[in-house]
Every structure is written in structure tokens, then in C-alpha cells.
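J.: Mind looking over this structure? Questions follow.
The values are calculated or read from the model by the stated rules, or taken from the named source; none is laboratory data. Keep in mind that this is a model prediction, so the values were computed, not measured. We place every Cβ from the backbone using ideal geometry, glycine too, and count neighbours over all the protein chains shown. Each accessible area value is taken on the protein alone, full model and side chains, heavy atoms only, with ligands, DNA and RNA left out. Shrake-Rupley method; radii C 1.70, N 1.55, O 1.52, S 1.80 Å.
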Amino acid sequence: MATAEHAVLHVLTGYRPKTTMEHSDLERVRGAVEAGAPWERESSLHITGSALIVHPDSGRVLLRWHQHLQSWLLVGGHADPGEYDPLAIALREGREETGLPDLAPWPDAEVRHLVIVPVPENSREPAHEHADVRFVLATNVPEAVRPENPDAPLRWLTPDEARMAITEPNVLDTLSRVEPLLVR
């Protein structure tokens, strides 16, 4: 097995699914890795890296508007060529999408959620699935946030406000896993 495949399996080694569906998703990800090229966008199921960004001092979370899905979501996305570490992907995407210069794993670099998310077809690609490996990233400078473009606004919200804004059940699940970490 190539180094790329080892990287994602290494990240998922200590991960413990919390639901039957999540266990099934983990097995599907392992199958995609064994089949090879789990990062390729052409694959009907490919791995992505995402994160819920938090500001620990205020207990707030950052959400990003996703124009295509018309929903408030996490930051994150696809691997660039040569990227094979889901955490590195989440960090890069987080910096690109928010402008936050100091993002770092928080309170540790553990995977917080693994979920397979259906992605509807659009003008550039057919319907497919993302095997989304999710982390928590923190910033100490929330005021430095800058959206990458006008169609992708960002909002700092309390967990209660975030629950009201989020319409995707899988994102609500991620929030529910992160919220206990924010209790001060």
C-alpha cells in the first residue's frame, strides 16, 4: 500500500465510531483506501478533510456559507495534488476559506467525526460522495477572519446560534461532538 493510503489509515487508527452508520462509513473509507486513489475527485467516493473552527476563549464556532448547497457548513474540502493527510487538508482549506493565520488543531489533532456525505451533481461534476474526515481547529484572533469571496460569508456563532443556522444533520452531529469541548 502506498504512503498516501497509509496516511489516511494512520489518522483513522485510533478513531472510534459512535454509531452503526459511522462504523459502516469507516468500513467504506477503508474499502476506498484499499481500492486505491481515495483522494481522486473522479472517484464516486473520495476523501475530504474538514474542520469546525472554534474560538475557545469565547466558546464560539465559525460557519461558512456554501452557495452550491445553500447551507451553513464547516470549512474544508478536497486534497490538492500530493496531499494525503486529512488534517493538513483541513488546515490548508481553513486558512484559504477564512484568512485566519493561526489555525491549529484543538484541543488535540484527533479525528472528531467521520461521515460520508452525498454531494449532488452540478454543472462541473456528477453526483458523488465525500468521505469527510473532520477535526477541530482553533484561532486566537477571530477578528482576523476574512471570507475567500463574497459568495462565501463567514459567521461566528455561539453553539446555540449555530444549531439554529445549520440545516444539515451531519453538521449538527459534528457540532454536538465539539460543543462539550467548549464548556468553560
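J.: Quick one: putting +1 on the C-beta of Lys and Arg, -1 on the C-beta of Asp and Glu, what dipole do you get for the chain around its Cα centre, in Debye to the nearest 20? Intermediate results must be reported in sequence, preceding the final value.
T.: Numbers: 17 positive and 29 negative charges, 93 e Å.
Around 440 debye, computed over the chain.
J.: Whole Å is fine, so just give me how far the alpha carbon centre of the range 44-65 lies from that of the range 105-140.
T.: Between the Cα centres of the range 44-65 and the range 105-140 lies a distance of 8 Å.
J.: Mind checking the full-extension length gain between ALA88 and ASP102? Use 0.36 nm per residue of separation minus the Cα-Cα distance, one decimal, nm.
T.: Extra length from ALA88 to ASP102 when fully extended: 3.7 nm.
J.: Work out the charge dipole of the range 71-184 with +1 on the Cβ of Lys and Arg and -1 on the Cβ of Asp and Glu about the Cα centre, then indicate which of SER123, TRP156, VAL183 is farthest towards its positive end.
T.: Highest projection toward the positive end goes to VAL183.
J.: Evaluate E = 1/(1 + (r/R0)^6) for VAL141 and GLU168, where r is the Cβ-Cβ distance and R0 equals 25 Å; express this FRET efficiency to the nearest 0.05.
T.: Efficiency for this residue pair is about 0.35.
J.: Only Cα pairs within less than 10 Å get springs; with that Gaussian network setup on the chain, which residue of VAL111, VAL61, VAL141 has the largest fluctuation?
T.: Looking only at VAL111, VAL61, VAL141, the biggest GNM fluctuation is shown by VAL141.
J.: For the range 7-78, report the accessible area per residue in Å² (1.4 Å probe, heavy atoms, rounded to an integer).
T.: 46
J.: Determine the shape class of the range 75-180: with a ≥ b ≥ c the square roots of the Cα gyration tensor eigenvalues, call it rounded for a/c under 1.5, and otherwise prolate if a/b is greater than b/c, oblate otherwise.
T.: Cα axes put the range 75-180 in the rounded bin.
J.: Right, something else. If packing is taken as the average count of other Cβ atoms within 10 Å, what order do 27-33, 164-170 fall into, highest mean first?
T.: Top to bottom by mean Cβ count within 10 Å: 27-33, 164-170.
J.: Ok, one more. Could you give the length gained on full extension between GLU161 and SER71, defined as 0.36 nm per residue of separation minus the Cα-Cα distance, in nm?
T.: Here the segment from GLU161 to SER71 would lengthen by 31.0 nm.
J.: As a check on your grasp of the helix formula, calculate [θ] at 222 nm for the chain: sum -39500 (n - 2.57) over DSSP H runs of n ≥ 4, divide by the residue count, round to the nearest 500.
T.: The helix-only estimate for the chain comes to -10000 deg cm²/dmol at 222 nm.
J.: Restrict the search to the range 91-128; then list the trypsin sites (Lys or Arg not before Pro) that DSSP places in a loop and that have at most 14 other Cβ atoms within 10 Å of their Cβ.
T.: Here the sparse-neighbourhood loop sites are ARG124.
J.: Can you send over the carbon and sulfur percentage of the accessible area for the chain, probe radius 1.4 Å, protein chains only?
T.: After summing per-atom areas, the C and S share lands at 53 percent.
J.: Right, something else. Using the Cα gyration tensor of the range 72-133, with a ≥ b ≥ c the square roots of its eigenvalues, what is the shape: rounded (a/c below 1.5), prolate (a/b larger than b/c) or oblate (neither)?
T.: Prolate shape, in that a/c is at least 1.5 and a/b is the bigger ratio.
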